[in-house]
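Since the structure comes first, as structure tokens, the remarks are kept for the end.
None of the figures in this text is laboratory data; all of them are computed from the coordinates on show. The shown structure was predicted, so the numbers you read here are calculated from the model rather than taken from an experiment. Note that each Cβ is placed from the backbone with ideal geometry, even for glycine, and that neighbours are counted across all protein chains shown.
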Amino acid sequence: MSDKVLKVEDLSKIYRLGEIGTGTLSHDLNRWWASIRGMDDPYSNVGQVNDRSKKSTSDYVYALKDISFELNKGEVFGIIGKNGAGKSTLLKIISRITAPTKGYIKANGTIASLLEVGTGMHPEMTARENVYLNGAILGMRKFDIDRKFDSIIDFAGCNMFVDTPVKRFSSGMRVRLGFAVAAFLEPDILVVDEVLAVGDAEFQKKAVGKIQDISNEKGRTILFVSHNMHSVQNLCSKVCILDKGMLTYSGSVHQGIEKYIANSSFNMKNNLIERNDRIGSGRLLFDNWELIKDGNKVNLGITGSPLSIIFKISSHSKFSGISFSIGFFNASEGFLTACKSDAIQKVFDIEKGDNVLEFSFDKLPLSSGRYIFNLAAYNGSEILDWIKGAGSFDVENGDFYGSGILPAIGKQGVFVDYDWAKS
Amino acid sequence: MKDWTIYIKPKRSLFQINIKEIWEFRDLIFMFIKRDIVTLYKQTILGPIWFFVQPVLTMLVYIFVFANIAKLSTDGLPESLFYLSGIIMWNYFAECFNQTSDTFSQNSQIFGKVYFPRLILPISKIFSGFIKFLIQSLLFYIVFFFYLITTDLLNPSSWILFSPLLVFLMAGFGLGFGLIFTSLTTKYRDLKFLIQFGVQLLMFATPIIYPLSSVEGKLRTIMNFNPFTHIFECFKFAFLGKGVNNIEGLIYSMIFMFIVLFLGVLIFNKTEKNFMDTV
């Protein structure tokens with residue numbers, strides 16, 4: 001028997017566009033009349049897909065449309081999507097801050113939400129008083145807080161300031177205190193919005209560790225929204241993608257992230273001429289790129305096999321001593337490696353007009369997954385052209401070491417040549 | 001088939017008020033009361049003395065304006081005591097009403113981020129108002145005992161035993177009206193402007209600065225419809241021995257209060273589900 005703790009079914013939420021309060025009375029009356037006759041909300045039919053960039057044709061919009069998923073005990077569920085895709089709305093409905101328009105959610109156990117750290121803290125009150133207040137707001141009982149008080153203060157690292165009003169705290173300290181309280185909540189389902197983005201690196205690490213503890217050791221279910229693919233990859237056991245209020249993907253973390261990256265506007269074309277988000281003097285421009293394997297145009301690379309990227313470049317003038325750089329990133333935009341031509345003592349003379357350049361790997365050192373690369377061209381210290389996310393390509397697993405053994409399979413990373421020896 | 005402990009759906013029946021949940025969050029009520037009391041006079045020189053300054057000043061102004069200039073009757077009672085009893089009782093109602101009537105707009109920040117039974121906040125306001133009321137009534141008792149011992153103007157009766165009920169009625173009215181108003185103002189903000197001066201008008205329509213006995217005829221009949229009339233008259237009769245006290249009036253007030261409170265909770269309950277989208 002599976003341990004379902006959360007079941008979301010056909011969840012929709014409609015928002016009214018524009019000003020609230022003008023002309024709503026007649027709509028209210030209409031709605032009320034419909035509900036008396038036991039009919040559907042008359043305005044829910046006119047709802048349209050939530051697309052920020054398009055001008056609306058109707059007064060109502062779907063912030064969420066027919067969302068369904070189920071979670072088991074102990075799962076960490078990542079919700080990714082662009083701004084305005086409905087992530088926060090979904091969390092708000094699950095945390096009972098606002099009600100859905102259609103559909104329902106069933107949950108087993110207690111739900112606590114951490115959409116903001118330190119909600120309701122009062123600046124005039126001391127850290128001690130605020131821990132109790134904040135804890136109570138989040139649903140803790142007083143004896144619970146009594147029991148955990150020392151660990152909370154320890155975790156926040158503010159033993160010294162227990163009896164100081166919070167208004168004298170630095171903003172970082174306040175965040176730590178707020179998170180510490182929430183971290184010692186023990187709900188069955190924890191809803192976390194992007195709160196880990198605040199605080200210093202040490203604290204973030206601590207926070208991520210704490211969340212892992214909560215799910216692994218205590219077997220609690222966590223719903224987690226983040227734009228940081230790195231923390232999603234580290235924390236989540238399952239992800240879903242929300243796009244314009246609809247659930248477009250639900251499943252494994254690795255695939256989800258790749259799909260999200262592939263679908264985002266970050267998806268690159270081979271043609272670079274139309275890119276206008278480039279940086280540099282523009283005296284030399286990257287025009288397009290192609291993936292070449294064994295002389296043929298391909299669209300994916302294989303680990304351990306040769307792979308070249310061929311660039312077409314157009315230049316406004318004649319240059320000499322130009323260096324090029326290509327930087328590789330994994331799907332969650334984590335930096336992997338940069339290959340600068342001048343680092344291997346290769347600089348080029350460029351003719352006015354079109355030039356062709358080739359970058360190549362003898363043995364592609366990337367494991368399976370989707371990769372993104374940046375392109376840059378330098379004339380000494382002058383940046384001629386620099387394109388973030390100039391291109392992306394997929395890699396399939398291959399035999400890098402010629403031994404049939406692939407270390408760390410399933411993780412995105414690089415292979416390096418190395419040696420082991422016994423002396 | 002399977003027991004789900006939490007069920008979130010679009011519409012909730014009007015009468016579903018989760019008392020059990022409120023009980024589970026009782027510590028939060030306590031924390032909010034503590035917050036209200038502790039932070040009220042932080043960084044003030046006089047601190048809690050402010051609890052007394054306001055009613056004393058109001059009393060002095062009333063004595064000056066209503067008793068000395070307008071020459072309104074105080075039923076032969078000491079002016080200070082007559083006004084003070086009215087002011088402190090009315091203050092409690094006004095405090096409850098004002099504090100609860102902007103529950104939604106004041107706390108939209110918290111409500112937007114975390115869930116707890118929303119009724120917790122107005123309820124906690126009633127209690128923190130009650131603590132303020134208790135402190136202020138000390139003032140009343142001091143003056144009361146002073147006159148009781150030094151003069152024979154006062155004639156307290158066993159109705160004093162009813163005074164907790166009177167306070168309860170005031171709290172109920174404050175909460176009930178507050179809940180109704182806060183629910184309505186989330187969408188139609190116009191009502192906010194009504195509240196301030198509405199409370200003031202209501203005060204003048206209630207025998208606080210004058211005794212009911214000084215009102216005659218048709219006006220008296222109208223005033224009998226004001227549920228507050230009976231509460232204040234009963235209070236004055238109980239402690240001071242003067243006032244038009246009748247049990248029917250008190251029962252009328254009580255029924256009135258329960259209807260207002262019931263309506264308030266109902267509307268509040270309906271509003272709390274979606275107010276985040278309209279506030």
Ranked B:Asp27, A:Asp417, A:Asp385, criterion: other C-beta atoms within 10 Å, fewest first: A:Asp417, B:Asp27, A:Asp385
Residue pairs, from the table A:Lys4/B:Lys20; A:Lys87/A:Lys244; A:Lys142/B:Lys42, whose Cα atoms sit over 18 Å apart: A:Lys4/B:Lys20; A:Lys142/B:Lys42
Local electrostatic count at A:Thr126 - Lys and Arg +1, Asp and Glu -1, tallied over other residues with Cβ under 15 Å: +4
Separation in nanometres of the label points that stand 7 Å from Cα toward Cβ, at B:Thr150 and A:Gln212: 7.6
Neighbour-count order for A:Lys7, A:Lys346, fewest beta carbons within 10 angstrom listed first: A:Lys346, A:Lys7
Modelled FRET efficiency - R0 45 Å, A:His230 with A:Trp33, Cβ distances, 0.05 increments: 0.30
Per-q log10 I(q)/I(0), chain A, q = 0.07 Å⁻¹ (Debye; single scatterer per alpha-carbon; no solvent): -0.49
Footprinting exposure proxy for B:Phe145, A:Phe149, B:Phe97 (fewest neighbouring C-beta atoms within 10 Å first): B:Phe145, A:Phe149, B:Phe97
Förster-model FRET efficiency, 41 Å R0, B:Ala70 and B:Ser157, C-beta, rounded to 0.05: 0.90
Efficiency of FRET between A:Lys167 and B:Ser213 - r from beta-carbon atoms, R0 56 angstrom, step 0.05: 0.60
Electrostatic dipole magnitude of chain B [Cβ: Lys, Arg +1; Asp, Glu -1; Cα centre; debye, to 20]: 920
Principal axes of chain B: Cα extent on each, largest first, Å: 73, 48, 36
Cβ neighbours within 10 Å from other chains - mean over A:103-110: 5
Residue-averaged beta-carbon neighbours from other chains (10 angstrom radius) around B:35-46: 3
Greater than 19 Å apart at Cα, pairs in A:Lys7/B:Lys9; A:Lys269/A:Lys363; A:Lys82/A:Lys206; A:Lys106/B:Lys187; A:Lys92/A:Lys218; A:Lys312/A:Lys352: A:Lys269/A:Lys363; A:Lys82/A:Lys206; A:Lys106/B:Lys187; A:Lys92/A:Lys218
The range A:239-255 versus the range A:97-142: alpha-carbon centroid distance in Å: 27
17 Å cut-off, amide nitrogen to a point 7 angstrom out along B:Thr39 Cα→Cβ, residues in the range A:98-138: A:116-138
